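Beneath this line is the structure, given in structure tokens, with notes to follow.
The values are calculated or read from the model by the stated rules, or taken from the named source; none is laboratory data. These numbers come from a predicted model, not from an experiment. Here the Cβ positions follow ideal geometry from the backbone for every residue, glycine too, while neighbour counts run over all protein chains shown. Side chains are part of the model used for accessible areas, which takes the heavy atoms of the whole protein and leaves out ligands, DNA and RNA. Shrake-Rupley method; radii C 1.70, N 1.55, O 1.52, S 1.80 Å.
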Amino acid sequence: MMYEQQQRQQQQPQPQPVRMDMRKKSGHERRRSITEEERLEIVDLSGMSLDALPNPSLNLGTICKLDLSNNNLQNIPESLTARLLNVVVFDVHSNQLKSLPNSIGCLSKLKILNVSGNLIESLPKPIENCRSLEELNANFNKLCVLPDTIGFEVINLKKLSVNSNKLVFLPRSLTHLTNLRVLDARLNCLRSLPEDLENLINLEVLNVSQNFQYLETLPYSIGLLMSLVELDVSYNKITALPDSIGCLKKIQKLIVEGNPMVSPPPEVFEQGLHAVKEYLSEKMNGGHKTPPKKKSWVGKLVKYGTFNGANRSVAREERDGFIMPEYRSIDGLASPRYMGMFSPRRLFSPRNYFSR
């Protein structure tokens, strides 16, 4: 009996998620579909040239994804956002939004927020209440600042993209985002980076390129990002990389072009990433390789065959920056008895004071 009941339950059709593409429906069909609350999970209103949102009489709490991208929206009603209690993905990219509603802080289940390609100058402070947020894309806006304490609250954030804005600095609280894996802050006006970057223990990609004349230095802590795989600091005004970058064991891609780089010198970069890391490691451990000691003039004579007893003449050549003129070799005069006679002035003279 119980087996038969289980068979009947398995044969009953299970409810399936329904994607509502509002672009393919007439006005009447659209209203009828919107009222089917029990089936509504995804609402796609993208690319419909909307200037304003309709105010449907439905339970917005059933929506898990709302796509309003590629429209002409200038604002999002506070009342609408406040009722998206179960939304996980909220996409409003490529509109004319100048701000986000404060009620966005009600979206406790929100994981992905895409507000790129708008005219937003600042993010509302209540966005910090979106503690489930994992990905925030605010590229191509007019952001001048980020909320000061955002890093203390959205601790689950894994990807933060704020490129192509007007940011002058990143809030120090971002260093508390221990789950962050990607930080993209290129094409801004950054003048510096937070000091305590070593707290970003899972950061794999850091891109602060193309801040042009503004970003001149990198913090020492950038070399303590033990999970870092890719670092792009190209097209800034950086003259020297921190020595600590030599400690980055997982780094696979380092982009520094477009900087007036002095340290490491260009010839080191030409040898590849390994040479750069080795150079910086040696510098961090007390300087570059110990410079060779200056050889005495006697050593140079030995090197160039003056004391080797050979009968050949040494042609004029340049070795280690030293130019040696033609001299005849000298035999039998390298004993202590005669060493006092070998002054540099006498030996390095066109005249042959000693000959066979």
Subtract the Cα-Cα distance of ASN55 and VAL89 from 0.36 nm times their separation in residues, and report this length gain in nm to one decimal. 10.3 nm
Provide the per-residue ³J(HN,Hα) series for the stretch 89-96, in order, calculated from phi with Karplus coefficients 6.51, -1.76, 1.60 and θ = phi - 60°, each as a whole number of Hz, with x at glycine and proline positions. 10, 10, 10, 10, 5, 6, 10, 10
Where a ≥ b ≥ c are root eigenvalues of the Cα gyration tensor, a/c under 1.5 meaning rounded, otherwise prolate if a/b exceeds b/c and oblate otherwise, the stretch 73-193 counts as oblate
Measuring from centroid to centroid over Cα atoms, what is the spacing of the stretch 124-163 and the stretch 71-88 in Å? 17 Å
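Is the C-alpha gyration tensor of the stretch 147-214 telling us rounded, prolate or oblate? Criteria: a/c under 1.5 is rounded; beyond that, a/b larger than b/c is prolate, otherwise oblate.
Because a/c hits 1.5 or more and a/b exceeds b/c, the stretch 147-214 counts as prolate.
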Segment ARG131-GLN96, length gained on full extension (0.36 nm per residue, minus Cα span): 10.0 nm
Calculate, for the stretch 46-112, the solvent-accessible area per residue in square angstrom, rolling a 1.4 angstrom probe over the heavy atoms of the protein chains. 45 Å²
Please label the shape of the stretch 136-184 as rounded, prolate or oblate, based on the square roots a ≥ b ≥ c of the eigenvalues of the alpha-carbon gyration tensor (a/c under 1.5 means rounded; beyond that, a/b larger than b/c means prolate, else oblate). oblate
Give me the base-10 log of I(q)/I(0) for the stretch 142-301 at each q in 0.10, 0.11, 0.19, 0.20 Å⁻¹, Debye formula, one uniform scatterer per Cα, rounded to two decimals. -0.39, -0.46, -1.20, -1.30
What span do the alpha-carbon atoms of the stretch 96-154 cover on each of the three principal axes, reported in whole Å from largest to smallest? 25, 20, 18
Which whole number in µm²/s is D for the stretch 63-111 by Stokes-Einstein, with the Kirkwood Rh taken over Cα pairs at 4 °C and 1.567 mPa s? 119 µm²/s
Hey, which of these cross-link pairs are over 30 Å Cα-Cα: LYS125/LYS237; LYS158/LYS277; LYS65/LYS250; LYS125/LYS250; LYS65/LYS125? LYS125/LYS237; LYS65/LYS250; LYS125/LYS250
Using just the alpha carbons, could you tell me how many Å³ per residue the convex hull of the stretch 223-289 encloses? 78 Å³
Given a Förster distance of 41 Å, report the FRET efficiency between GLU230 and LYS109 from their Cβ-Cβ distance, rounded to the nearest 0.05. 0.85
Hey, any idea what % of the stretch 38-190's accessible area is carbon plus sulfur with a 1.4 Å probe? 50 percent
Estimated distance in nm for a label pair at TYR220 and THR149, the labels positioned 7 Å out from Cα along Cα-to-Cβ: 3.1 nm
